[in-house]
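Quick note: the coordinates plus some simple rules give every number you see, no bench work behind them. A quick note: this is a predicted structure, and the numbers were derived from the prediction, not measured. As a convention, Cβ positions derive from the backbone with ideal geometry for all residues, glycine included, and neighbour counts pool all protein chains shown.
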């Protein structure tokens with residue numbers, strides 16, 4: 001069963017206290033390891049620049065000082081910067097500390113809600129999305145970047161194989177990530193209109209595998225699964241790093257972008273299935289030269 005789409009009470013997959021501590025501890029060094037956050041924010045800026053809208057009140061969750069990348073063309077007015085960890089918001093003028101699983105925002109109170117690489121760690125993604133949709137004013141815009149299912153494929157394989165070979169016993173050490181089709185379903189269930197999703201696949205070569213570990217710690221993206229965490233033995237860890245390096249030291253990061261709007265009666269409506277006046281086959285044949 002997909003852990004991101006639940007019927008009633010979601011299972012506690014992620015330890016939110018552990019997540020807060022990870023983000024707090026990484027705050028001091030985050031600027032040196034935030035290349036993926038910068039990449040995601042640059043893409044979000046491009047999307048905002050392409051929207052012919054003004055956003056008087058905007059919430060940026062997980063962006064921290066990267067809101068400095070916003071341009072005049074984004075047309076964003078008041079910015080409220082939010083995070084689970086207070087330490088991530090040092091120096092921010094308007095800041096609110098809250099868990100994005102439990103939004104303290106009033107209904108229909110913001111024009112724009114942006115989430116930067118945080119929603120993949122929620123226990124109830126549909127619930128979190130539904131709260132965001134309710135916080136948006138009619139025709140308000142939601143944009144999120146979150147890690148997708150193929151993130152850290154190389155490190156996952158190396159650690160799993162090392163645990164098996166060295167007899168350390170298997171323990172889950174990586175967060176489950178949702179497939180893009182599940183994210184689309186979650187957007188629909190949360191009540192967004194005109195939802196759109198796309199993927200940015202980033203391959204990073206690490207000549208030193210320990211730099212990958214440092215990057216994950218600097219981003220606050222180490223193990224936050226609920227329950228006891230047994231540290232890897234030195235032997236297993238060394239074997240995993242050797243395997244990762246032997247496979248070329250290339251790691252995969254998959255950033256999925258979610259875009260959706262709060263419902264409004266004047267919004268463009270998608271065409272009903274079967275309402276097209278010409279078939280795709282006819283259009284292709286007509287334009288063949």
Using 7 Å Cα-to-Cβ label points, what is the residue 189/residue 250 separation (nm, one decimal)?
3.5
Inter-probe distance in nm under a simple model that places probes 7 Å from Cα toward Cβ, at residue 86 and residue 25:
1.9
Among the DSSP beta bridges whose two residues both lie in the stretch 1-151, what percent are antiparallel, rounded to the nearest 5?
0
Per-selection Rg to Rh, the stretch 1-123 - Cα, Kirkwood hydrodynamic radius:
0.97
extent check for the stretch 79-176: Cα max minus min per principal axis, descending, whole Å, gives 54, 30, 19
Return a whole-number percent for the relative contact order of the chain, with Cα pairs under 8 Å and 6 or more residues apart as the contact set.
23
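Would you kindly state how much longer the chain becomes between residue 161 and residue 213 on full extension, computed as 0.36 nm times their sequence separation minus their alpha carbon distance, in nm to one decimal?
17.0 nm
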So what's the angle, to the nearest 10 degrees on a 0 to 90 scale, between helix 153-165 and the longest Cα principal axis of the chain?
30
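Return the calculated 222 nm mean residue ellipticity for the chain, to the nearest 500 deg cm²/dmol, obtained by summing -39500 (n - 2.57) across DSSP H runs with n ≥ 4 and dividing by the residue count.
Values: 8 runs with 92 residues, N = 289.
Mean residue ellipticity at 222 nm (helix-derived): -10000 deg cm²/dmol.
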Can you grab the distance from the C-alpha centre of the stretch 186-248 to the C-alpha centre of the stretch 94-167, Å, no decimals?
15
Here the residues of the stretch 140-156 lying in the modelled label zone of residue 69, meaning backbone nitrogen under 20 Å from a point 7 Å along Cα-to-Cβ, are 141-149, 151-152
Taking Cα atoms only, helix 180-189 is inclined relative to the longest principal axis of the chain by an angle, in degrees rounded to 10, of 50
What's the ranking of 69-80, 175-186 by average number of surrounding C-beta atoms within 10 Å, highest first?
175-186, 69-80
Share of alpha-carbon pairs per 10 Å distance bin for the stretch 175-241, given as whole %
14, 31, 30, 19, 6, 0
To the nearest 0.05, how large is the calculated FRET efficiency for residue 42 and residue 223 if R₀ is 41 Å and r is the Cβ-Cβ distance?
0.90
Kirkwood Rh over Cα pairs of the chain into Stokes-Einstein at 20 °C, 1.002 mPa s: D in µm²/s?
104
Please state, as a whole number in µm²/s, the translational diffusion coefficient that the Stokes-Einstein equation yields for the stretch 119-217 at 10 °C and 1.306 mPa s, with Rh defined as the Kirkwood radius across alpha carbon pairs.
99
Report, in degrees rounded to the nearest 10, the 0 to 90 angle that the Cα long axis of helix 35-50 makes with the longest principal axis of the chain.
0
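Below 8 Å between Cα atoms, with a sequence gap of 6+, how large is the relative contact order for the stretch 1-126 in percent?
32
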Relative contact order for the stretch 117-244: what is it in percent, counting Cα pairs under 8 Å that are at least 6 residues apart?
35
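What Kirkwood hydrodynamic radius, in Å, does the stretch 84-131 give when the mean of 1/r is taken over all pairs of distinct Cα atoms and then inverted?
In the stretch 84-131 this quantity evaluates to 12.1 Å.
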Share of antiparallel DSSP beta bridges in the chain, in percent to the nearest 5?
50
